[in-house]
Amino acid sequence: MFTIFDLVSRVGRASAVIAGCVASTAAFAAPPIDPPQAERVLVTTASGVQVYSCEYDAQHRLGWVFKNPQATLYNASGQAVIRHAAGPSWEADDGSRIVGHMIAQTPSETAASVPQLLLETRSTAANGMLSAIRYVQRVNTVGGVMPASPCSTEHEIGNSPYIANYVFYK
């Protein structure tokens, strides 16, 4: 498994990435995708993987297809507070959970990285930290693109480490 430092060294932008991902809320730059009429309530830093599966396309050629994210989101104090998984979904330690759908995206400012996204909440479960969340932004993405090596076996799994900031709005 890769550490965050392995990823940063592979990308080659250690100081910029670390500074960007641990930026305080006050210093957080306005991303190019903003939710309409929403109030920012939480900024987190995520570390995890984007999971890809080797599947046949319409021409019967094998290739990587995005499957799901697996990440842990940390608050400004470095405490793990939210788990991010398929759906896409986010589940807080208090049991509150949201599922979103993408409504906008823009390329990452870092080459060879997954895009920045704006997602809207489409369902919630349990009262708690996430129950009032209407939008989630994924910004400052580094890494996470499909594996560079070709896949050769149907349903083979490939993981790509990534880091990003997730911003939650109500």
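Within the stretch 87-146, the residues that satisfy the criterion of being of a type in the set (A, V, I, L, M), closer than 19 Å to GLY48 by Cα and surrounded by fewer than 19 Cβ atoms within 10 Å (Cβ to Cβ) are VAL99, ALA111, ALA112, VAL145, MET146.
Of all the numbered requirements in (1) over 15 Å from the mean Cα position of the chain (by Cα); (2) farther than 18 Å from GLY100 by Cα; (3) hydroxyl-bearing (Ser, Thr, Tyr), SER113 misses one, and that requirement is (1).
On the basis of being among the charged types (D, E, K, R), within 21 Å of ILE33 (Cα to Cα) and touching a Phe, Trp or Tyr at 6+ places or on another chain (Cβ under 7 Å), does ARG138 make the cut?
yes
Residues that are part of a strand (DSSP E or B), in contact with a helix residue (DSSP H, G or I) (Cβ under 8 Å, 6 or more places away or on another chain), small (Gly, Ala, Ser) and on the phi > 0 side of the Ramachandran plot occur in the stretch 125-144; there is at least one. Of all residues in the stretch 103-115, none satisfies being closer than 24 Å to GLY158 by Cα, without any contact (Cβ under 8 Å) to a residue 24 or more places away in the chain, assigned to a strand (DSSP E or B) and in contact with an Asp or Glu (Cβ under 7 Å, 6 or more places away or on another chain). Residue check: is ILE157 closer than 20 Å to PHE66 by Cα, at pLDDT 95 or above and in contact with an Asp or Glu (Cβ under 7 Å, 6 or more places away or on another chain)? It is false that ILE157 is closer than 20 Å to PHE66 by Cα, at pLDDT 95 or above and in contact with an Asp or Glu (Cβ under 7 Å, 6 or more places away or on another chain).
When ALA86, ALA164, ALA92 are screened for being under 19 Å from GLN70 (Cβ atoms), in contact with a strand residue (DSSP E or B) (Cβ under 7 Å, 6 or more places away or on another chain), among the small types (Gly, Ala, Ser) and without any contact (Cβ under 8 Å) to a residue 24 or more places away in the chain, only ALA86 passes. Restricting GLU91, GLU120, GLU55 to residues that are more than 24 Å from ILE33 (Cβ to Cβ) and part of a strand (DSSP E or B) narrows the list to GLU55. The set of residues in the stretch 54-76 that are of a type in the set (A, V, I, L, M) and more than 17 Å from GLY144 (Cβ to Cβ) comprises ALA58, LEU62, ALA76. For the stretch 128-147, the set of residues classified as more than 10 Å from the chain's Cα centre (by Cα) and either modelled with pLDDT under 95 or among the basic types (Lys, Arg) (or both) consists of ARG134 only.
The values are calculated or read from the model by the stated rules, or taken from the named source; none is laboratory data. Note that the structure is a prediction, hence the values are computed from the model and not measured. Note that we place each Cβ from the backbone using ideal geometry, even for glycine, and neighbour counts take in every protein chain shown.
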